[in-house]
Structure formats: structure tokens, C-alpha cells
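S.K.: Below is one structure. I have some questions about it.
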Amino acid sequence: MQKTSWIAAAAAVMLASTAASAQMAAPKQQFMSMATSSVGGSWFPLGGAMAKIITDAYPQLKVTAEVTGGTGDNLKLLKNGQVELALSTNDMAYLAMKGEGAFKGAPITNFKGLLGGHAIIWQVYTLKSSGIRSLKDFKGKRLSLGAAGSIGGPTGQIVMDAYGLKMNTDWKPEYIGHGDGPGALLDGRVDGVLIISSAPTAAVTDITSRRGEEVVFLNPEKEVLDRLIEKHPYWFPAVIPGGVYKGHPNDMPNSFGSATILVAHEKVADEAAYAVVKSLVEGHGKLVAANALAKEWSKANATRGISGVMPFHPGAEKYLKEAGILK
């Protein structure tokens, strides 16, 4: 009996040792494109920092951050197989997979989740001289939604619909990249600008550093926001923190946001997906040093915006389970 128990115990130890030592093979030599945003958006420098961290950790993965129109554009690039990696928002990814919203009748399902990250929030700004004091005042006005294909398009339409303002009937959308938004507002080409991004974000810092208190921020009224979040549960309430923009020392409530996530084309090899996630999780300190947004791309947020929204890529899932992040 004792001998049998000893043999069984030894076999168990050997099996555990074998399982522990079974590691993912190294990824093959390859080039990988990561879809980000327009140059003025916050995703482009973040994607550049991520690309460097990944390539430094795995030189056989030559990752390049690509300038794009933003999340909607990024998902379409994935659908067409033009990129391997992409930054997206969890709400747009959800709508794409379901074939809803901007993707109605044209679902995109050929991507999987890799890693969750920072929150991005609604920020609409105008000038005091515009006379606009509420989002409902955009009737008959022009609102920039960011570059064509960015998250601002569908999100802006949803929010303005909540005020009974129909796009191209009650108000006119303009599609201007984030970096050009301040200039368009100051030149009178638009009456307001929407950017859905982290706070602070470069374009808004640009105009507030020049105009300070002359810049007015417009968030939904609480009753409107409550209805929006009830209908779109992948959004959550947020605050534009006081002090992040010149001339605005107090918190600005009633904003809302979603999570930024990194996704991959489903044909990306498990080894490559594993390497991407491993390098970003374990290189978190270097990533934070390179880009302030990376602070939220931590182990604590690794599944944010992906769990319950879409499946993880098998390679990402393997690493996250090994790291004790996924059960």
C-alpha cells in the first residue's frame, strides 16, 4: 500500500513538473501591423510604445503602429486582413461582433481579445462665444466627430439622438482628425468638437492651454446620461478630472466612457498572441515610462472590456491563465 502510494505521488509530481515546463513555443519571424488612430489621437503614441515593447521583447516580431481613422476603421482593417493587431473600444467591438449600430448588416467577427486597458471618456468642447451651453444647443450647428471611422461617429449620433437631434437634419457632422479639431473650432469651421479619449488628451490640452476658461465642456445632463447607460451597459459613468486642463480646476461630472482594448485577427498564431500579451503585461513598467496612458494597462485591468464581451484569443488566454489573471 505504501509503495503504491509513493509511486502514485511520484507520478503526480512528474506530471505536474511536465505541465509546468510545457511552455508556448517562440513565435516565428514576422511583420505585424497595429492599427491605432489619427496622429492627434492618444492611441497612436500608445500603439507606438506598445510596438516597441513587443519588438524589444521578441525581436522576431516586427510590430509597427499604423495611423488610422480610429476604432471603426481599425475593425474594418481587421475584417479585411490588412492588420494583425488593433486598438479598439469594447463597445464598438461588441457592436461589430453583433452586427449592430454602425455595423448593422455587416458584422465583423474575425478577431479575438488580447488585453484590456485604459478607459476613454466623452469630451465635447466649444467656445463661450458660441453661445452653446448644452448638447441640445447643437441644433443647426456643426459638430466635429473626429476622423471618419473613429468612435466619435456612432457615439456622437447616439447621444444627439437622445436629445431628439437627427444627424444631417438637425445638426451637421464634420469628420476632422483630433489634432486638427482645435484649429477648426478657432477658425469657425465647426461649432464644437467631440473627442472620446483619455483625459488629458493632447488636442484638448492644446486648445485649453491657449484659451483656458474660454473653452466650454459639454456633458449630457444626468437624466439623459442615466438613460444612455441603461440602454448601453458597456458604457460607464465618468468624470473629467479637475486640473487636467488649464482654466478648469473642478471636476466635470456626467461624462461617460468605455474601455480601450487590444485585439488580434483570429489568424494570428497562438505563439504570436501569447508573446504580445506576455511582453505587454511583464513590460508594464517600461510601457508606463514610455506613455502615461499605459498606467491602466496593468494586470488588474488585463481582462477589462473583454471578459463578457468577446472571446479571448487562445494564445492570450494561455498566458493570462499562466499568470493567474484568468481562471
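S.K.: Give all pairs with beta carbons closer than 7 Å in which a residue from region 111-125 that is crowded, with 24+ Cβ neighbours inside 10 Å meets a residue that is at pLDDT 95 or above and acidic (Asp, Glu); count only pairs at least 6 apart in sequence or on separate chains.
M.R.: 111/266
S.K.: Taking interchain pairs and intrachain pairs at least six residues apart, which have beta carbon atoms under 8 angstrom, with the first residue in region 137-159 and acidic (Asp, Glu) and the second at pLDDT 95 or above?
M.R.: Final answer for the pair search is 137/131.
S.K.: Within region 284-312, can you find the residues that are surrounded by 19 or more Cβ atoms within 10 Å (Cβ to Cβ) and small (Gly, Ala, Ser)?
M.R.: 294, 302, 305 - these are the residues of region 284-312 that are surrounded by 19 or more Cβ atoms within 10 Å (Cβ to Cβ) and small (Gly, Ala, Ser).
S.K.: Only residues in region 162-181 that are modelled with pLDDT under 95 count as the first member; pair them with residues that are surrounded by 20 or more Cβ atoms within 10 Å (Cβ to Cβ) and part of a helix (DSSP H, G or I), Cβ under 8 angstrom, at least 6 apart or cross-chain, and list the lot.
M.R.: From region 162-181, the pairs are 178/203; 179/203.
S.K.: Follow-up. Out of the residues in region 58-73 that are in contact (Cβ under 8 Å) with a residue 40 or more places away in the chain and of a type in the set (S, T, N, Q), state the one that is surrounded by the fewest Cβ atoms within 10 Å (Cβ to Cβ).
M.R.: Taking the candidates together, the pick is 68.
S.K.: Test residue 226 against the criterion of being surrounded by fewer than 21 Cβ atoms within 10 Å (Cβ to Cβ), touching a Pro at 6+ places or on another chain (Cβ under 6 Å), assigned by TED's automatic domain parsing to the domain that holds residue 170 and not in a loop (DSSP other than H, G, I, E, B), and give yes or no.
M.R.: For residue 226, the condition - surrounded by fewer than 21 Cβ atoms within 10 Å (Cβ to Cβ), touching a Pro at 6+ places or on another chain (Cβ under 6 Å), assigned by TED's automatic domain parsing to the domain that holds residue 170 and not in a loop (DSSP other than H, G, I, E, B) - is not met.
S.K.: Let me ask something else. I need the full set of residues from region 262-289 which are part of a helix (DSSP H, G or I), touching a Leu at 6+ places or on another chain (Cβ under 9 Å) and hydrophobic (A, V, I, L, M, F, W, C), in order please. I'd like the intermediate steps shown before the answer.
M.R.: Start the filter on region 262-289 by keeping residues that are part of a helix (DSSP H, G or I), which leaves 270-282, 284-289.
Then keep just the ones that are touching a Leu at 6+ places or on another chain (Cβ under 9 Å); that gives 272-273, 275-277, 279-281, 287.
Residues satisfying the conditions are 272, 273, 275, 276, 277, 280, 281, 287.
S.K.: Could you check region 252-274 and list, in sequence order, the residues that are aliphatic (A, V, I, L, M) and more than 19 Å from residue 300 (Cα to Cα)?
M.R.: 252, 264, 268, 269, 272, 273
S.K.: Could I ask something else about it? Exactly one of these conditions fails for residue 277: (1) of a type in the set (A, V, I, L, M, F, W, C); (2) at pLDDT 95 or above; (3) farther than 17 Å from residue 112 by Cβ. Give me its number.
M.R.: Unmet for residue 277, out of (1) of a type in the set (A, V, I, L, M, F, W, C); (2) at pLDDT 95 or above; (3) farther than 17 Å from residue 112 by Cβ: (3).
S.K.: Would you mind stating whether residue 81 is surrounded by fewer than 20 Cβ atoms within 10 Å (Cβ to Cβ) and of a type outside the set (S, T, N, Q)?
M.R.: Against the criterion (surrounded by fewer than 20 Cβ atoms within 10 Å (Cβ to Cβ) and of a type outside the set (S, T, N, Q)), residue 81 qualifies.
S.K.: Scanning region 209-227 for residues that are touching a strand residue (DSSP E or B) at 6+ places or on another chain (Cβ under 6 Å) and without any contact (Cβ under 8 Å) to a residue 60 or more places away in the chain, which turns out nearest to residue 155 (Cα to Cα)? Before the answer, list the steps.
M.R.: At the first step, the residues of region 209-227 found to be touching a strand residue (DSSP E or B) at 6+ places or on another chain (Cβ under 6 Å) are 214-220, 222, 225.
Then keep just the ones that are without any contact (Cβ under 8 Å) to a residue 60 or more places away in the chain; that gives 222, 225.
On the way: 222: 17, 225: 13 Å.
Ranking the qualifying residues of region 209-227, first place goes to 225.
S.K.: Here's something else I'd like to know. State yes or no: is residue 44 at pLDDT 90 or above, surrounded by fewer than 13 Cβ atoms within 10 Å (Cβ to Cβ) and in contact with a Ser or Thr (Cβ under 9 Å, 6 or more places away or on another chain)? Walk me through how you get there before you give the answer.
M.R.: On the way: at pLDDT 90 or above: yes; surrounded by fewer than 13 Cβ atoms within 10 Å (Cβ to Cβ): no; in contact with a Ser or Thr (Cβ under 9 Å, 6 or more places away or on another chain): yes.
Answer is no for this residue.
S.K.: Of all strands (runs of 3 or more DSSP E) completely enclosed by region 74-156, which ones contain at least 3 residues that are β-branched (Val, Ile, Thr) and touching an Asp or Glu at 6+ places or on another chain (Cβ under 7 Å)? Quick ask: steps written out before the conclusion?
M.R.: Details: elements: 85-89, 111-127, 142-144.
Per the criteria, no element qualifies.
S.K.: While we're looking at this one, here's another question. Could you grab me the full set of residues in region 93-115 that are closer than 18 Å to residue 301 by Cβ and either outside the structural domain of residue 300 (by TED's automatic domain parsing) or of a type in the set (A, V, I, L, M) (or both)?
M.R.: If the condition is that a residue be closer than 18 Å to residue 301 by Cβ and either outside the structural domain of residue 300 (by TED's automatic domain parsing) or of a type in the set (A, V, I, L, M) (or both), then 93, 114, 115 are the ones that fit.
The values are calculated or read from the model by the stated rules, or taken from the named source; none is laboratory data. Since we're looking at a predicted model, the values are computed, not measured. FYI the Cβ positions are ideal-geometry reconstructions off the backbone, even for glycines, and counts take in every protein chain you see.
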